[in-house]
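The values are calculated or read from the model by the stated rules, or taken from the named source; none is laboratory data. What you see is a predicted model, and the numbers here were worked out from it, not measured in a lab. For neighbour counting, all protein chains shown are included, and Cβ atoms are generated from backbone atoms with ideal geometry for every residue, glycine included.
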Number of protein chains: 2
Amino acid sequence: MERGPVVRITDVAALAGVAPSTVSKALNGTGSLRESTRVKVREAAERLGFVPDASARSLSARRSFTVGLLSTDSAGRFSLPVVLGAENALVGGELSALLATARHDPVREQHHVRTLVARRVDGIIVTGRTTEPREPIRVPMPVVYAFAPSVDPDDASVVPDDADGMRLLVEHLVGLGRRRIAYVGGRAEQAASVVRHDTLVAELAARGLELVGPPLYGDWSEQWGRRAVDAVLGRDAGAGPGERVGGAAGVDAIVFASDQLARGGCDRLRERGLRVPDDVAVTGYDDWQVMSLASRPPLTTVDMRLERLGQRAAELLIAAIEGEPAHGVERLAPRLVVRASTLGDG
Amino acid sequence: MERGPVVRITDVAALAGVAPSTVSKALNGTGSLRESTRVKVREAAERLGFVPDASARSLSARRSFTVGLLSTDSAGRFSLPVVLGAENALVGGELSALLATARHDPVREQHHVRTLVARRVDGIIVTGRTTEPREPIRVPMPVVYAFAPSVDPDDASVVPDDADGMRLLVEHLVGLGRRRIAYVGGRAEQAASVVRHDTLVAELAARGLELVGPPLYGDWSEQWGRRAVDAVLGRDAGAGPGERVGGAAGVDAIVFASDQLARGGCDRLRERGLRVPDDVAVTGYDDWQVMSLASRPPLTTVDMRLERLGQRAAELLIAAIEGEPAHGVERLAPRLVVRASTLGDG
């Protein structure tokens, strides 16, 4: 490993032909200097590869220019894009991101919170594994909650707008002429299952339609997606073979609460001799492309725009650090992604 | 959001009945103090929830107690566990982790490297998306490369031992009596495809066996895994229907270079009426459980122990920061994970 020599502020001052204090002012944007002097100093600093000492800078400014990213997720499927989006926005704002992953462990989370406070971070973004509301952390600096909102309405939270996502799906399915729609959720007690179901029922009702059969809940696995298809088709057992589905007696669409469920569902429908979407249209949720693109056929689904969610959380946090805190839950509009599971190959 | 009052060092000093400088010595472990004094100060600091100012501490110690985690991965499938493992080990060592994700963008990486240097991090862990060797970064502090090794043999790198992983698979398959083994790789030019192939051929040769047919290369998708099965079975077109596979004319095992490939392979074998593992045993690589557990049947595969890899990188970095740098590439032994795709349900 080759190490460059450490360039000092006096080296920059010598090359620019100014005093070291002028270099400091020029690079920190403080004091009153002629623009030509600032340019000269910056060019000298650039040429020498001079990097100002951030800890010295932070001590004088009383800001660390560092933000904590506190994640309770261990798998990272949902929180990783949020963290990446936040990090991207922070870098743009010349802030650095201290990563702290708590992995569902409250003791570990407490330790991380204490460490971030000790580091004098300017603020903290808290992300979670699910959209379940969570208890706030208590720290003497601004906090924004992303994906998992705070239960305290005075806090600032950014979450995906699940109701809006389901509205987009219903509009799409009904627009394609689907009328007999069944619903397969994940875990019954989770907001992601419940909000999607409730919105689906309300949106169908607004169009004079009803959900076919009761909603089915299980877990978030492909296995459950496959078994749920058996349960949906089993409800049609009284119909003739040609009418089990795709006709008045059965369903012509199944709305799954995640891409994993929908992918398992597509596999099982095919194995039972049904064509997707000709006999039964299928929709997922998340646009987790490892699932949504590998599914046969690829899934029509909802992209929650998690990177944008993280970016928005960073914007809200930067505003709060600068004295303009937001309050309440902001819902980010998702995006409908249309693929062959509703449209077919044509 | 409730904010606690800021506790100052003078508050701790007052409660403990000592001078502020004694508090500083007691909490930083410097100077010579009676143990009873240290205990008294720590108890006072604990009771008040006092957190020392890390930037002040770093300025005096000339260490930031911060490590940079520079990742070039955008998807995070491989680098996320490495980052989590490293972060876990760093927290244990009372260090914080600054996250910097470059997303395959050299300009962004350069910006991140400059920022980490400006932050005076004590060291940097560099992770990558693949195991392809990469150019080193040039910084005036210790660096350890994890997953993607540095091309400079003087640098310290930790990588998964792919050859060892393949040896475990061959031992397992041959131990089960499989003799006619085909290989399906991902992208032909990548180390992960090539090392696994070369080791497979060498290990078979050591047992007097040969690979059935030439290796097949494509990409890393399930789609390619499915198409590759058609290609493998197509080579057996001359054999009778009952002998296409599972007999002397065909293959009795297919080694796939990833879980995604193997999962697609299992789907296609089943669709062509072949039983896994009765007719053809299948192995994957990675133990990416979203794939390896959802596969039908679940996959026998190799766990590269990526969290341990990150942890080891952190250990090497901490040693380097403390003046004991390592050099060269350290290979981490992987773990064989046996499931139904080779053993069956029994």
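There is at least one residue in the range B:275-296 that is without any contact (Cβ under 8 Å) to a residue 60 or more places away in the chain, in contact with a Cys (Cβ under 8 Å, 6 or more places away or on another chain) and within 14 Å of chain A (Cβ to nearest Cβ). When the residues of the range B:318-334 are filtered to those that are closer than 12 Å to residue B:123 by Cα and free of Cβ contacts under 8 Å to residues at least 24 places away in the same chain, the one that is surrounded by the fewest Cβ atoms within 10 Å (Cβ to Cβ) is B:323.
The residue that is nearest to residue A:321 (Cα to Cα), counting only those in the range A:93-111 that are facing another protein chain (nearest Cβ under 10 Å) and surrounded by fewer than 16 Cβ atoms within 10 Å (Cβ to Cβ), is A:94. Taking residue B:82, is it buried (at least 19 other Cβ atoms within 10 Å of the Cβ) and outside any helix (DSSP H, G or I)? So residue B:82 fails the test.
Can you find even one residue in the range B:152-161 that is hydroxyl-bearing (Ser, Thr, Tyr) and more than 9 Å from chain A (Cβ to nearest Cβ)?
yes
If the condition is being buried (at least 19 other Cβ atoms within 10 Å of the Cβ) and not in a loop (DSSP other than H, G, I, E, B), then the range B:276-289 contributes B:281, B:282, B:283, B:286.
This table checks each residue for (1) over 19 Å from the mean Cα position of the chain (by Cα); (2) farther than 27 Å from residue B:70 by Cβ; (3) modelled with pLDDT of 95 or more.
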position: B:268; (1), (2), (3): yes, yes, yes
position: B:280; (1), (2), (3): yes, yes, yes
position: B:309; (1), (2), (3): no, no, yes
position: B:329; (1), (2), (3): no, no, yes
position: B:333; (1), (2), (3): no, no, yes
position: B:336; (1), (2), (3): no, yes, yes
position: B:344; (1), (2), (3): yes, yes, no
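The residue of the range A:85-95 that is nearest to the chain's Cα centre (by Cα), among those that are of a type in the set (A, V, I, L, M) and in a helix (DSSP H, G or I), is A:86. In summary, residue B:90 fulfils each of the numbered conditions (1) touching an Asp or Glu at 6+ places or on another chain (Cβ under 6 Å); (2) crowded, with 24+ Cβ neighbours inside 10 Å with the single exception of condition (1).
Looking across the range A:65-76 at every residue that is more than 15 Å from residue A:312 (Cα to Cα) and facing chain B (nearest Cβ under 8 Å), the one that is surrounded by the fewest Cβ atoms within 10 Å (Cβ to Cβ) is identified as A:74.
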